[in-house]
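Please read the structure below before turning to the comments.
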Amino acid sequence: MKKIIGSLTVFLIASSFLLGQDAAYTQHTFARLSYAIGNIYIQRAQDLGYEEGMINMPITEGDHLSTEEGRAEIYIGNSSYIRLDHRTELDFISLPKRDRNLTQVRIWAGRAYISVRDLFEEAPIEIHTPDISIYILESGLYRLDVHENGETEIQVFQGMLEAAGESGSLLIKESQRIAAVKGHFTSRPLRFMALAEDTFDRWNDYREVLIQKRLTQSYLPAELGDFEYELATYGEWVYIPPYGHVWVPGGLGSAWRPYHHGRWLWYPICGWTWLPYEPWGWVTSHYGRWHWRLEIGWYWIPTTHWGPGWVHWYADFNYWGWAPLSYHDHPGVIINNIYYDRYPGRDYPHNSRALTVVTKNQLTAKDISKVAVRRESLDK
């Protein structure tokens with residue numbers, strides 16, 4: 001195996017794996033399943049089957065999500081979230097692109113909160129139900145209940161929206177509620193007391209408080225500020241020249257490496273996309289670069305461009321291999337406790353501790369770390 005792995009030099013189509021300034025989509029083309037408990041299912045666009053929803057799973061246009069006996073939270077960018085109660089179904093009709101910054105969601109049944117923190121005029125949010133269409137006009141907090149009898153209820157806790165049905169459209173302002181049946185409003189907007197009346201309200205309040213926590217000192221670029229709390233919870237920031245402050249994850253074993261504990265998912269829009277199993281893994285897998293240093297281990301350098309997985313790929317007849325890219329867009333190499341961010345050799349060394357290798361039939365395994373070829377086996 002040493003002769004085979006030691007000469008992994010076939011580089012796979014760069015445009016499908018290393019995405020930067022010229023990518024055909026924005027960093028918000030993918031939503032993120034940021035919280036999941038209970039039974040969550042996702043049906044991919046043009047796919048008849050369902051797969052179990054997991055934290056950090058990307059969600060794309062055309063995906064159908066149902067919660068069954070579970071709750072889910074979806075991050076849609078710009079500090080905005082959609083939270084779903086039990087037995088809720090929705091479709092993601094549209095997500096932002098370079099030429100159209102529109103988010104459109106259709107809720108078929110169930111209960112949802114829409115939390116909007118930064119609403120820009122050029123990035124509108126639309127929510128459609130079987131009864132009416134809703135256009136969010138201001139940052140705020142909104143609740144929608146879509147009942148099986150064809151009734152839609154709207155509560156505006158903060159902000160303002162426009163609700164449009166067959167009988168016209170109305171502006172619903174803060175502390176107002178309204179209901180519609182089969183496209184017709186049952187009354188004018190009515191005032192209500194913003195109280196946590198059920199377990200869904202209380203769960204939403206808990207998630208709001210958790211996500212709104214902001215640290216007095218921020219190390220991330222403004223575009224990634226939504227992930228500041230996550231990283232602070234699971235690691236620490238260290239200053240390393242010339243990169244500035246870098247993030248060091250805590251509680252990991254010596255065998256851990258980036259793009260190893262998780263799985264690869266295929267999306268036609270961008271190719272193989274990494275699903276990290278670390279709770280903090282979304283931002284560190286899809287932004288930035290990883291380096292290694294003997295005194296601290298792996299550390300992450302923030303950058304602001306989204307990618308499906310910032311790795312360099314290799315292959316031969318029987319194996320796939322990949323290594324995380326360095327800040328200089330070279331595959332990182334670790335040999336004898338020395339990290340090379342621009343390795344001088346033409347071939348990638350098989351004994352690098354940054355390398356992950358699987359047999360070709362295991363690329364879609366549900367946990368790469370359990371099927372990866374052991375490093376000592378590569379030396380034989």
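Worth a mention:
- Output for segment 330-358, where each listed residue is of a type outside the set (Gly, Ala, Ser) and closer than 14 Å to residue 260 by Cα: 353, 355, 356, 357, 358
- Considering residues of segment 330-358 that are outside any strand (DSSP E or B) and either aromatic (Phe, Trp, Tyr) or not assigned by TED's automatic domain parsing to the domain that holds residue 289 (or both) only, the residue surrounded by the most Cβ atoms within 10 Å (Cβ to Cβ): 348
- Of the candidates 139, 80, 115, the single residue that is surrounded by fewer than 23 Cβ atoms within 10 Å (Cβ to Cβ) and touching a residue at least 24 places away in the same chain (Cβ under 8 Å) is 80.
- Failed item, numbered, when residue 87 is tested on (1) in a strand (DSSP E or B); (2) within 25 Å of the chain's Cα centre (by Cα); (3) surrounded by fewer than 21 Cβ atoms within 10 Å (Cβ to Cβ); (4) basic (Lys, Arg): (1)
- Residues (in a loop (DSSP other than H, G, I, E, B) and either closer than 19 Å to residue 304 by Cβ or over 22 Å from the mean Cα position of the chain (by Cα) (or both)) located in segment 240-251: 241, 242, 243, 251
- Some residue of segment 54-71 being in contact with a Pro (Cβ under 8 Å, 6 or more places away or on another chain), touching a residue at least 24 places away in the same chain (Cβ under 8 Å), part of a loop (DSSP other than H, G, I, E, B) and on the phi > 0 side of the Ramachandran plot: yes
- The residue that is farthest from residue 226 (Cα to Cα), counting only those in segment 304-338 that are of a type outside the set (S, T, N, Q) and over 29 Å from the mean Cα position of the chain (by Cα), is 317.
- Every pair of residues 6+ apart whose Cβ atoms lie under 9 Å, when the first sits in segment 219-233 and is on the phi > 0 side of the Ramachandran plot while the second is in a helix (DSSP H, G or I) and at pLDDT below 90: none
- Residue in segment 271-284 that is in contact with a helix residue (DSSP H, G or I) (Cβ under 9 Å, 6 or more places away or on another chain), of a type in the set (Asp, Glu) and closer than 20 Å to residue 334 by Cβ present: yes
The values are calculated or read from the model by the stated rules, or taken from the named source; none is laboratory data. Source: prediction; values computed, not measured. Here Cβ is always computed from backbone atoms with ideal geometry, including for glycine, and neighbour counts include all displayed protein chains.
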